[in-house]
Amino acid sequence: MEKREQLYEGKAKKVYSTDDPELLIVSYKDDATAFNGLKKGTIAGKGAINNRMTNNIMRRLEEAGVPTHYVEELSDRETVVKKVSIVPLEVIIRNISAGSFAKRYGVDEGIVFDEPTIEFSYKNDDLGDPLINDYHAVALKLATWEEIELIKKYAFKVNDLLKGFMKEIGIDLVDFKLEFGKTSDGTIILADEISPDTCRFWDEKTHEKLDKDRFRRDLGGAEDAYQEVMRRLMGE
Ligand code: ADP
Ligand code: UDP
């Protein structure tokens with residue numbers, strides 16, 4: 001499988017067409033951004049780590065019954081995925097308070113919830129990805145009620161599975177963002193990535209942050225943190 005033309009360059013990945021109209025190649029970059037692109041930098045080695053970690057997790061989710069876009073890892077940075085039309089909703093699940101949740105409601109980070117929460121942001125960079133509810137998403141025709149119900153079901157299932165994968169390696173899954181898309185026949189599948197760029201991971205004992213907050217908050221050691229999660233997850 002070979003890349004043809006570059007269709008899109010995002011903040012963290014490039015997307016290429018292939019000779020199969022149903023397949024794309026994504027190429028992960030080391031570029032890091034935060035605060036809707038206002039803060040820019042690089043995290044050396046991030047592209048390869050996020051690519052390989054995403055694929056490892058997506059393979060396991062698929063085995064457990066969550067349909068994903070994953071097809072084949074081509075190299076450290078490049079993966080063949082099923083082409084979807086992305087549902088323009090960022091689906092955020094939280095197990096522990098942090099980030100925008102703590103800020104919005106004026107609470108500390110680190111409150112462990114009795115049950116996970118879900119929220120959606122409208123994926124629209126010009127508007128700064130505003131929070132949106134399901135009625136508004138349906139009104140704007142971003143998705144149908146049936147699609148939203150299925151997305152919620154898959155998102156909570158991903159949470160149960162991913163929480164388990166991370167617990168096995170001594171990491172608490174604080175929160176994360178998922179994106180879903182529709183294949184040409186209308187099937188909803190999990191797309192995009194699952195990595196320290198899109199999840200908050202805290203060491204269960206030390207509560208050390210092992211994710212992009214090291215970059216967002218200038219804590220230093222982002223490279224080492226990404227490497228550490230990869231080592232624990234994949235034994236290297
Ligand atoms: P952003 O667009 O937020 O800067 P990225 O740099 O990660 O993000 O770019 C990757 C883009 O590819 C995102 O817009 C994402 O929604 C999209 N994408 C992810 N998986 C697929 C897929 N299977 N088919 C089509 N588009 C996808
Ligand atoms: N997230 C993401 N992309 C976004 C916004 C959030 O991957 O555009 C992830 C983020 O890494 C965290 C979770 O979603 O794991 C919740 O993020 P939050 O709403 O707390 O926002 P933030 O603090 O990142 O502004």
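The values are calculated or read from the model by the stated rules, or taken from the named source; none is laboratory data. Computed from a predicted structure; not experimentally measured. Methodologically, a virtual Cβ is constructed for each residue, glycine included, from the backbone with ideal geometry; neighbour enumeration extends over all protein chains shown. Areas reflect the complete protein model, heavy atoms only, side chains present, ligands, DNA and RNA absent. Shrake-Rupley method; radii C 1.70, N 1.55, O 1.52, S 1.80 Å.
Can you name the residue in the stretch 60-78 that is touching a residue at least 12 places away in the same chain (Cβ under 8 Å) and not in a loop (DSSP other than H, G, I, E, B) and is also farthest from ligand 2 (Cβ to nearest atom) among such residues?
This residue is GLU72.
Taking LEU38 as meeting all but one of (1) open to solvent by less than 40 Å² (accessible area, probe 1.4 Å); (2) closer than 29 Å to ASP126 by Cβ; (3) over 18 Å from the mean Cα position of the chain (by Cα), write down the number of the exception.
Condition (1) is where LEU38 drops out.
Might you check whether a residue that is farther than 27 Å from ILE151 by Cα, within 16 Å of ligand 2 (Cβ to nearest atom), open to solvent by 60 Å² or more (accessible area, probe 1.4 Å) and more than 15 Å from the chain's Cα centre (by Cα) occurs anywhere in the stretch 5-24? Don't jump to the end; show me each part of the working.
Taking the stretch 5-24 first, the residues farther than 27 Å from ILE151 by Cα are 5-6, 18-19.
Now drop any that are not within 16 Å of ligand 2 (Cβ to nearest atom), which leaves none.
No, because not a single residue in the stretch 5-24 is farther than 27 Å from ILE151 by Cα, within 16 Å of ligand 2 (Cβ to nearest atom), open to solvent by 60 Å² or more (accessible area, probe 1.4 Å) and more than 15 Å from the chain's Cα centre (by Cα).
GLU2 versus (1) more than 19 Å from VAL71 (Cβ to Cβ); (2) loosely packed, with under 12 Cβ neighbours inside 10 Å: which is the lone unmet condition?
(1)
Regarding the stretch 85-102, can at least one residue be identified that is exposed (fewer than 15 other Cβ atoms within 10 Å of the Cβ), more than 16 Å from ligand 1 (Cβ to nearest atom) and of a type outside the set (Phe, Trp, Tyr)?
Looking through the stretch 85-102, at least one residue is exposed (fewer than 15 other Cβ atoms within 10 Å of the Cβ), more than 16 Å from ligand 1 (Cβ to nearest atom) and of a type outside the set (Phe, Trp, Tyr).
Between a residue in the stretch 215-231 that is on the phi < 0 side of the Ramachandran plot and any residue that is charged (D, E, K, R), which pairs come within a Cβ distance under 6 Å, given they are 6 or more apart or on different chains?
Final answer for the pair search is ALA222/ARG214; ALA225/ARG214; TYR226/LYS46.
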